[in-house]
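J.: Before anything else, here's the structure in question.
The values are calculated or read from the model by the stated rules, or taken from the named source; none is laboratory data. Being a predicted model, the structure only gives us computed values, none of them experimental. Reconstructed Cβ throughout: ideal geometry from the backbone, glycine too, with neighbour counts over all protein chains shown.
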Ligand SMILES: [Zn+2]
């Protein structure tokens with residue numbers, strides 16, 4: 001968009017954290033229109049300066065995975081520590097309930113995300129794939145993944161036709177979009193292949209839930225267990241769909257052919273799978289959903305192993321069906337507590353630049369660098385911590401302001 005005639009603004013704070021470079025004490029963020037034109041040390045300016053005082057300016061948060069259709073929930077479904085297949089049944093019940101209003105929930109989810117400092121959001125559009133394309137949010141950049149589900153052959157074919165329709169509509173509406181084949185236990189391998197091919201041909205990102213639960217690994221390996229039982233009860237299981245002896249690695253190898261792939265969860269990735277993801281770091285990222293992971297009492301997430309191997313990792317809130325809110329800052333705080341050995345600066349990068357990279361928008365946002373969008377969050381500092389990033393990850397969130405494309409939204 002043109003910035004000719006747009007006014008220039010300079011914002012100053014005790015700290016500016018560009019993420020791609022070290023924190024700047026007393027730093028300034030300068031933007032014209034929606035674009036950053038300078039980020040650096042204090043400058044002499046004849047322009048008025050907005051001084052945020054005892055605050056930290058960080059890039060706008062990037063939530064790489066959500067299901068906003070569940071944003072109407074006051075509390076997660078089921079109870080903490082329940083098994084994944086049991087939880088899926090609560091989701092199906094909730095979706096069938098008369099009070100379920102997916103369209104209203106998506107709109108509420110946009111508002112909640114904006115208030116929490118999210119400026120870029122990857123969302124799975126399932127029940128209401130058309131809603132974001134009719135009314136895309138103004139104060140948030142959205143990447144809407146059109147969900148595909150179909151393990152049995154006839155349903156799978158119908159899903160492909162639907163995909164083409166929805167993608168064409170998204171294109172017309174100007175909403176950035178991707179393709180979201182759901183998971184190995186709900187998507188027939190042929191449909192998965194078609195989704196990967198569509199991602200490559202259309203140059204769109206693809207999101208796929210993978211290695212999420214032990215029951216999923218058992219389903220892939222031996223075609224039995226609780227998840228298979230549950231699929232049978234629903235009449236959604238096809239014994240011929242997934243070859244026995246399949247591993248997440250088999251899917252990862254195929255995903256490497258997508259334009260860009262987001263591996264959602266990856267809670268149970270094995271060592272060779274982590275190695276594979278590290279080798280494909282330019283186009284494949286694992287999206288860790290910290291509080292959702294904790295909700296199911298899973299084994300510890302392989303996050304430290306992924307990072308040590310050099311694999312790309314982003315963070316997501318997932319939906320309110322497994323999480324009490326949509327705050328990415330709360331996710332980063334959870335990571336800081338769960339993995340105290342990790343550098344807080346690295347954690348902030350996961351929730352900003354690495355999320356943008358995973359969604360394929362790192363050239364536009366995710367860090368405070370001249371030329372990128374003026375997407376930033378002003379966080380008030382409570383305690384006089386010497387390290388501003390450690391401070392914002394150890395205190396409750398105090399968001400003073402949010403700017404998206406140079407416009408104040410909070
Ligand atoms: Zn999900």
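J.: Could you list, in sequence order, the residues of the range 321-330 that are in a helix (DSSP H, G or I) and either within 11 Å of the chain's Cα centre (by Cα) or surrounded by fewer than 17 Cβ atoms within 10 Å (Cβ to Cβ) (or both)?
T.: Keep residues of the range 321-330 that are in a helix (DSSP H, G or I), which gives 328-330.
The one that is in a helix (DSSP H, G or I) and either within 11 Å of the chain's Cα centre (by Cα) or surrounded by fewer than 17 Cβ atoms within 10 Å (Cβ to Cβ) (or both): 328.
J.: Hey, among 100, 70, 84, which residue is surrounded by 15 or more Cβ atoms within 10 Å (Cβ to Cβ), in the same structural domain as residue 121 (by TED's automatic domain parsing) and either without any contact (Cβ under 8 Å) to a residue 24 or more places away in the chain or within 22 Å of residue 299 (Cα to Cα) (or both)? Explain how you work it out, then say what you get.
T.: Working: 100 fails: either without any contact (Cβ under 8 Å) to a residue 24 or more places away in the chain or within 22 Å of residue 299 (Cα to Cα) (or both); 70 fails: either without any contact (Cβ under 8 Å) to a residue 24 or more places away in the chain or within 22 Å of residue 299 (Cα to Cα) (or both).
Answer to the check: 84.
J.: Would you mind stating whether residue 342 is within 30 Å of residue 386 (Cβ to Cβ), touching a strand residue (DSSP E or B) at 6+ places or on another chain (Cβ under 9 Å), away from the ligand (no atom under 16 Å from the Cβ) and not assigned by TED's automatic domain parsing to the domain that holds residue 399?
T.: Numbers: within 30 Å of residue 386 (Cβ to Cβ): yes; touching a strand residue (DSSP E or B) at 6+ places or on another chain (Cβ under 9 Å): no; away from the ligand (no atom under 16 Å from the Cβ): yes; not assigned by TED's automatic domain parsing to the domain that holds residue 399: yes.
Against the criterion (within 30 Å of residue 386 (Cβ to Cβ), touching a strand residue (DSSP E or B) at 6+ places or on another chain (Cβ under 9 Å), away from the ligand (no atom under 16 Å from the Cβ) and not assigned by TED's automatic domain parsing to the domain that holds residue 399), residue 342 does not qualify.
J.: Also: Looking only at the range 334-387, which residues are surrounded by fewer than 22 Cβ atoms within 10 Å (Cβ to Cβ) and on the phi > 0 side of the Ramachandran plot?
T.: Within the range 334-387, 360, 371 meet the criteria.
This table checks each residue for (1) within 16 Å of the ligand (Cβ to nearest atom); (2) not in a strand (DSSP E or B).
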| site | (1), (2) |
| --- | --- |
| 19 | no, yes |
| 29 | no, no |
| 37 | no, no |
| 42 | no, yes |
| 47 | no, yes |
| 58 | no, no |
| 65 | yes, no |
| 69 | yes, yes |
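J.: Residues that are more than 14 Å from the ligand (Cβ to nearest atom), closer than 13 Å to residue 241 by Cα and out of contact with any strand residue (DSSP E or B) (no Cβ under 7 Å at 6 or more places or on another chain): does the range 165-185 have at least one?
T.: No: zero hits.
J.: For the range 240-260, name all the residues that are farther than 12 Å from residue 188 by Cβ and either modelled with pLDDT under 95 or part of a loop (DSSP other than H, G, I, E, B) (or both). Full working, then the answer.
T.: The initial filter retains those residues of the range 240-260 that are farther than 12 Å from residue 188 by Cβ, namely 244-260.
Across the range 240-260, the qualifying residues are 244, 245, 246, 247, 256, 257, 258, 259.
J.: Do you know which of the residues in the range 262-320 that are assigned to a helix (DSSP H, G or I) and within 16 Å of the ligand (Cβ to nearest atom) is surrounded by the most Cβ atoms within 10 Å (Cβ to Cβ)?
T.: Step one: filter the range 262-320 for residues assigned to a helix (DSSP H, G or I), giving 271-279, 290-295, 303-309.
Pick out the ones that are also within 16 Å of the ligand (Cβ to nearest atom) and you get 290-295.
Values: 290: 27, 291: 21, 292: 23, 293: 23, 294: 17, 295: 23.
This residue is 290.
J.: Right, another one. Does residue 348 fit the bill of being in contact with a helix residue (DSSP H, G or I) (Cβ under 7 Å, 6 or more places away or on another chain), within 16 Å of the ligand (Cβ to nearest atom) and either assigned by TED's automatic domain parsing to the domain that holds residue 272 or at pLDDT below 95 (or both)? Full working, then the answer.
T.: On the way: in contact with a helix residue (DSSP H, G or I) (Cβ under 7 Å, 6 or more places away or on another chain): yes; within 16 Å of the ligand (Cβ to nearest atom): no; either assigned by TED's automatic domain parsing to the domain that holds residue 272 or at pLDDT below 95 (or both): yes.
No.
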